[in-house]
Structures are given as structure tokens and as C-alpha cells.
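The values are calculated or read from the model by the stated rules, or taken from the named source; none is laboratory data. The structure presented is a predicted model; accordingly, all values stated were derived computationally and were not measured. Neighbour counts run over all protein chains shown; Cβ positions are idealised from the backbone, glycine included. For the accessible areas, the whole protein counts, side chains as well, though only heavy atoms, and no ligand, DNA or RNA atoms are used. Shrake-Rupley method; radii C 1.70, N 1.55, O 1.52, S 1.80 Å.
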Amino acid sequence: MPDLPFFLFLLFCSLPFSSSSPDTNTPTLSEAVRIIQVNAIQELNQNIVEQETLIKNKELKNVIETQKTELNTIPVLKNEISNQKMMIDKMKEEAKEKEKKISGLETKSKDIGVLVKFMRTVLNQNIIKAQTNGIRQVTNLENFIKMTGLPFNQDDAGKIIPNAGHPQCKMDYTTWTEDWRMVKYSTQAQAATHCDQAPASSYKTGLTSGWHRFVFNGVHARIPTHAPASQYRGYGQICGTNAASWMDGTLPSLGEPPKDVTIKFSGAGKAEYNTNTRKPAKVVACLDENYQTFYLYHLVQVASCNFAYCATTAF
């Protein structure tokens, strides 16, 4: 835009001047100035409009650039949206799998619950059976105790157990298991070389006075309570000795104190060899861990050889 003073100067010079009388069509100086001002204002307004247009165009360009930038970000946003959609689909699949597993666990839980209920029923039935059997066993044991007249104890677990009998049953004793001491009635003589005397030798057993128990092949044995039959009274026809023991009397019951008895010896075809060979003895009834009765004998050395103590498993 040209400078205003210079512009006004040019405009003034372009106006017609005359030395003659004034022309009514010729503008006066004030009118000229007014015209110049109007033109200047119009030009200024036009410049302002142009400037505003330029500013608007620039702003519009900025807006367009911004929109272009935003449009350029749309593919990125699309990719992000696509990725998020894929993640959501994956999460949905995982949720379905988890739901299947939960459903399976619920089914298994129901099955386990049924199994537990069944096992609990079986367990309760077994407990009832065990209690019934236990009561029956205790009743049988109590009846046995009443029948035998024995007192009873309880172990640490509360189990009822009969006493082993007389206190002597808990004292030390010797267990005889030699096969030759077992009564085997025979019409044929057996080896009859044993003798219950001391000191010990090839045929003497070295017996000392004390308590003894007979057990053959795990079976309790007792000294016979009657003389052998006549056909079995010869040497070696009862056991491995010439004259074998027997007692004339009855055995004591469980819980009774040791009973005094007389041991007799049969041999040489006689029920009793002779009265001089008799020996005093004691016998007591005891109970083993299986509630089986066995007998302990207090025995002394025999009068002569070959005499010995033998026992039978027949009760």
C-alpha cells in the first residue's frame, strides 16, 4: 500500500485548476480532501478484507493440516482397535476355556462328593461292624473271665485282658522242648538213655530244682495225670527214658495257687516203678498271650537213672 501523503499529493495534482472564474463542476479543496479520504478509507477497508482473507486462509490451511495429521493417525488407530479386538476375542476364548474347566471341576466335585458320601457310608458301616465285633469280643472275654473266675486288667489302650494267673506265672522258668521228652506211646522201645540228674553228662541232663514248662513244636504239653496203659509200661515205650513221669491227681484251675502233687514213674512193666521213686512237685495253671492255658511244674532231681520227666500234648 503506497504512503498516504504521497498518494494524496498525486491525487491533488490530478485535480484540474483554472485561473478563470471558478467552475461549478470543479470540486473545491475540501471536497477533494473528502474524496481522497473516502478513497483512502475504501482502499484501507479493502486491504483489511484482504488481510482478513489471508488470515482466514492461513487458519483454514492449519485446520486442514491438522485434519490431515489426524487422518494419518486413523490407520494407527485402526490397528490399535484391531489389536484390541483380537485381545478381546482371545480373552473371550480364554474365558470359555476357563468356564469349561470350571464346569469340569464342578462335575468332578459332584463325583467326588458322591464318592466321599459312599466312602463315608462304608466307613460308618465298618465302624458299626467293628464296634459290634468289639462288643462281642469283650462280651466273650468277660464271659470267659467270669467262667474261669479270673480277675482282669486293662492295657494302655483300654483293652480288657485277663491276668496271666498266679504271680508265679510271671517268674522265671525253664522251657523244655527236647523231642525225647514228648510222650509217644509205643509197643516198641525207644532210645531210653536220658536221666534227670546232675551233674550233666552224656546221659544225665544236669537238672536242678526249679520251675519248668513243656512245649513241643509250639504246642503246650503237660505231665500225664494217669498211668500209661499196661502195654506201654516197658522201658522206652513212653518217651526217651526207662521210667517216665506221671501224676496221680487233677490239674489246678487258672488263678489258683500252685498245687502240691506227687510225681510217680512208670517202667519195668509197672504203673509205678516203686514208691521210693516218687518225687514231690508243684503245678500252677497260667495263660499265654493267646489266652491258651499252659502249666508250670516245680520239679526236683529224680531218684535214680534212667528216670526222667516227660509230657504229653494230649489234653
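Quick notes on this one:
- Test: residue in region 179-191 that is in contact with a His (Cβ under 9 Å, 6 or more places away or on another chain), modelled with pLDDT of 90 or more and closer than 17 Å to Gln301 by Cβ: yes
- Filtering region 1-59 to residues that are modelled with pLDDT of 55 or more, among the aromatic types (Phe, Trp, Tyr) and surrounded by fewer than 10 Cβ atoms within 10 Å (Cβ to Cβ) leaves only Phe6.
- Qualifying residue in region 285-304 (condition: under 24 Å from Thr187 (Cβ atoms), of a type in the set (A, V, I, L, M) and not in a loop (DSSP other than H, G, I, E, B)): no
- In region 238-270, the qualifying residues are those that are polar (S, T, N, Q) and open to solvent by 30 Å² or more (accessible area, probe 1.4 Å), and the one that is nearest to Leu299 (Cα to Cα) is Thr262.
- Residues within region 276-314 that are of a type in the set (Gly, Ala, Ser) and modelled with pLDDT of 95 or more, tallied: 4
- Selection count, region 180-215, where residues are open to solvent by 70 Å² or more (accessible area, probe 1.4 Å) and touching a residue at least 40 places away in the same chain (Cβ under 8 Å): 10
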